[in-house]
1. Pick out, from segment 1-95, the strands (runs of 3 or more DSSP E) lying fully within it that include 1 or more residues that are hydroxyl-bearing (Ser, Thr, Tyr) and within 24 Å of residue 270 (Cβ to Cβ).
2. Among the residues of segment 105-144, what is the count of those that are surrounded by 14 or more Cβ atoms within 10 Å (Cβ to Cβ), touching a strand residue (DSSP E or B) at 6+ places or on another chain (Cβ under 6 Å), among the β-branched types (Val, Ile, Thr) and part of a loop (DSSP other than H, G, I, E, B)?
3. So which of 261, 283, 249, 222 is of a type in the set (D, E, K, R) and modelled with pLDDT under 85?
4. Taking the residues in segment 264-283 that are polar (S, T, N, Q), part of a helix (DSSP H, G or I) and more than 18 Å from residue 25 (Cβ to Cβ) as candidates, determine which candidate is farthest from the chain's Cα centre (by Cα).
5. Test residue 120 against the criterion of being closer than 30 Å to residue 89 by Cβ and not small (Gly, Ala, Ser), and give yes or no.
6. Please give the number of the condition residue 102 fails out of (1) touching a strand residue (DSSP E or B) at 6+ places or on another chain (Cβ under 8 Å); (2) assigned to a loop (DSSP other than H, G, I, E, B).
7. Taking residue 145 as meeting all but one of (1) at pLDDT 90 or above; (2) in contact with a Lys or Arg (Cβ under 9 Å, 6 or more places away or on another chain), write down the number of the exception.
Amino acid sequence: MKINFSQVFKGKTVPESSLYMIYGKPYHLITEARHRIRSLCSQYKDSQTKVYFVDADFKIEELRSDLESLSLFNDSMIISLNVLSPSIPKNLQDYLLSVNLPESHKLILSKLDSNTSFRKTKFFKTISEKYCLVDIVPLKNQELITWIKMRLTNNKINFSEQDIDLLIRKNEGDTASLSQEIYKMTLSKKNKLNEILNNIDNSYIYNEFDLIDNLLLFDREKSLIILDYLKKINLPEPYLLAILYNEIKKIFFLKNNLEPKPYIPYNKSTLYQTISNKLNSQKIKKMMKYCYKIDKSIKSSSNNDYVWNQFECIIHSFN
């Protein structure tokens, strides 16, 4: 059976199943769904809980031992299988397809969607037919509004429909950004959304990390808009240069397989690898040269417009 995030959020529409596979993106909604299902599975009885982090070299012996020993003693356990590797290891797929899971056991398998072809596999189709598949997609329209209201209500923050609309526009409807914003609101000790929003700098629209995110997505038009905004708010040029150079250096090291490997969050590894494959070495070196020119211009107190023009050249090189 296939359900969505909103059905998990409502709780009553989540079917009984021995295995739940939470699959899709964004990752933070996968995490919310996992916590919600775990809570629903344990609300009527005490269950042992265990978490496995599944990488490419995952060994199933311990998982098999847990399930078989539990079967002998008829204890209940909630087991979370959090997949960190780009794909679910074949040995784990084969095991989950062959094992008979008792009703007293609950497995929660969660996987960030990075490969749409996986949805066409035998494993994916079997899980969706035999067990429960939770399909995670970005929230929009009424589902997004309902989710925000739930988060605010749980944190005892009062709001109006107008406040909700403003909050969505400020965060461009992005649930990850909204989640962080609401968390920061809980630290403010205020319980009225309009008061909290009034205390936020109304001129704020973008920051330097928004620029990086859009560059990595090759969204040149949005990147140029953000760059112009950062210039208007007088973001320090050395700070922006350091951030840009660090990202370009990561791509250069990946492209040329250099050591030491740069730190890249696991959920962005595929994105960075795609970028390093798409950009040729000469183009990456050209961007690094722009960084050297900017650094030299900043140190020599050159014309401010020239420095920002060089930043713009870097953006144009991302294509």
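1. Correct list: 19-24, 48-54, 77-83.
2. So the count comes out to 0.
3. The conditions single out 261.
4. Out of the qualifying residues, it is 282.
5. Taking the combined requirement at face value, the residue satisfies it.
6. That leaves (1) as the condition not met.
7. Tallying (1) at pLDDT 90 or above; (2) in contact with a Lys or Arg (Cβ under 9 Å, 6 or more places away or on another chain), residue 145 fails exactly one: (2).
Here is a yes/no grid of residues against (1) touching a Leu at 6+ places or on another chain (Cβ under 6 Å); (2) farther than 18 Å from residue 37 by Cα:
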| site | (1), (2) |
| --- | --- |
| 83 | no, no |
| 97 | no, yes |
| 100 | no, yes |
| 139 | no, yes |
| 147 | yes, no |
| 150 | no, no |
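The values are calculated or read from the model by the stated rules, or taken from the named source; none is laboratory data. Please read these numbers as outputs of a predicted model, since none were measured by experiment. Cβ atoms come from the backbone with ideal geometry, glycine included; neighbour counts cover every protein chain shown.
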